1. Between rounded, prolate and oblate, where does region 223-353 land on the alpha carbon gyration tensor, with a ≥ b ≥ c its root eigenvalues, rounded for a/c under 1.5, else prolate if a/b exceeds b/c?
2. With the crude spin-label approximation of a point 7 Å out along Cα→Cβ, what separation in nm comes out for residue 44 versus residue 307?
3. Hey, what did region 127-239 get for relative contact order, percent, Cα under 8 Å, at least 6 apart?
4. Name the residue from 348, 115, 69 whose Cα lies farthest towards the positive end of the charge dipole of the chain, charges +1 on Cβ of Lys and Arg and -1 on Cβ of Asp and Glu.
5. Over the chain, calculate the relative contact order: mean separation of alpha carbon pairs under 8 Å at least 6 apart, over the residue count, as a percent.
6. Which links in 151/331; 153/249; 23/163; 23/134; 68/307 stretch past 27 Å when you go from one Cα to the other?
7. Test of the criteria: in region 236-345, which chymotrypsin sites (Phe, Trp or Tyr not before Pro) are in a DSSP loop and have at most 11 other Cβ atoms within 10 angstrom of their Cβ?
8. Specify which residue in the list 235, 214, 306 is farthest towards the positive end of the charge dipole of the chain, using unit charges on the beta carbon of Lys, Arg (+1) and Asp, Glu (-1), about the Cα centre.
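We did not get these values from a lab; they are worked out from the coordinates using the rules stated. Only a predicted model underlies this, so the values are computations on that prediction, with no experimental measurement involved. Reconstructed Cβ throughout: ideal geometry from the backbone, glycine too, with neighbour counts over all protein chains shown.
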Amino acid sequence: MEKIKSAVIGCGRMGAFPSDLMKKYGPYCWFPLSHIEALKELKNVSVESICDIDSALLKNASEKYGIKNIYDNYNNLFSNHKIDLVSIATRTKERFEIIQAAIENGVKAIHVEKPLCNSMEQLKEIEFIVSDNKICLSYGTLRRYLNIYQKAKDMVDSGKFGKLLQIQVNFGESALFWTHPHSVDIILFFSEGRKLEAVQSNLSNVTLTSKNSVESDPLIEQASMYFDEGLVGTISKIPGMDVILGCEKGVISIDSNGSQIFTKMENQGSPYFEYSDNLITDSYSGPQGTYSAIYNLINNMNNKDYKNNSYIFLGQRVLFGFVDSHLNHGKLIEIESISNEISVLGKSGNLYS
Ligand SMILES: NC(=O)c1ccc[n+]([C@@H]2O[C@H](COP(=O)([O-])OP(=O)(O)OC[C@H]3O[C@@H](n4cnc5c(N)ncnc54)[C@H](O)[C@@H]3O)[C@@H](O)[C@H]2O)c1
């Protein structure tokens, strides 16, 4: 069978060279992490070409992964190769134009890093061209594709813990565009089947260039997502990278960035929950890391499931909703009423998220 022809645009940390911090501390379930590593492991995929504007990085990636076709301009890459699947690991600022160019050049599937884009206007355009051209997408918010988070979701869905009341994401004092696309997607993943109604937030480090245009990458002091039937998703400042699923009859905690799951349950009428001895770890089973996201993407591509993208668009919309809420003094913003004028550049120092 003919292989799916792929290309990677952006050969930095996520594209080709995972950070030393992740290599040292990342739980097993996060690897292979870089886009090139993940694509090289997929048997039905060939990595035809890679692109980066940094010639030294491009050369290193070419030598490390044995990929001969290298480009410093993605338009030339698309002109010279018929690509089915493109993986985009640049920073956000370039993303919108790369997505447009990829779709214009006949790409059918895109794995794209988070966040998706810089403005509500870009978001609406991407939603339109993705749906109009029947493009399959997967996203850099990897946890939803990882086995250990899926196991926790199975536990919630089993009903054994009772109704899910609150999803709390503890990712420390972190930035809206750099870290919290993950937090929002975790909340959307565990709240599947519930309708998101409104969002609310309080941010700091907000630098404006005009009324609705944020230049910085704001910190989330506190943010909430409100669903139907009383479910609340909260983003706290507590460090540790734990996700806590509070249910009527118990608590499920996915600890330390997916290293393990702890559970507590009600016990014989006591008002206090008791820890279970059953510790679940992230030991290998099924696809992991960025491989799992692209594996999922290829399944959708093969099944012609083009509609499996809505969590990506909704997650990005929520990030803009948090900004809208903050700019309106922490007002509750209905999800359908987010201002079309909101934009976020996500600048930190000289870099963009
Ligand atoms: N999924 C995750 O867990 C995760 C983790 C870290 C970062 N990220 C996201 O991944 C993205 C990349 O982060 P990073 O740390 O790898 O950044 P990076 O700066 O290490 O890499 C980005 C690369 O894109 C290249 N680039 C810029 N413009 C380009 C263009 N026009 N054409 C081709 N290449 C171009 C740069 O030269 C650089 O090598 C960010 O948006 C970040 O938010 C995701």
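1. Numbers: a/c = 1.83, a/b = 1.26, b/c = 1.45.
Oblate.
2. Result for the modelled spin labels: 2.2 nm.
3. Rounded, it is 29 percent for region 127-239.
4. Selected residue: 69.
5. Working: 786 pairs, mean separation 74.0, N = 353.
RCO, the chain: 21 percent.
6. Details: 151/331 35 Å; 153/249 15 Å; 23/163 37 Å; 23/134 36 Å; 68/307 34 Å.
Pairs exceeding 27 Å: 151/331; 23/163; 23/134; 68/307.
7. Values: sites: 262, 272, 273, 275, 284, 291, 295, 306, 311, 313, 320, 322; in loops: 272, 273, 284, 306.
Filter output for region 236-345: 272, 284.
8. Of the candidates, 306 comes out farthest on the positive side.
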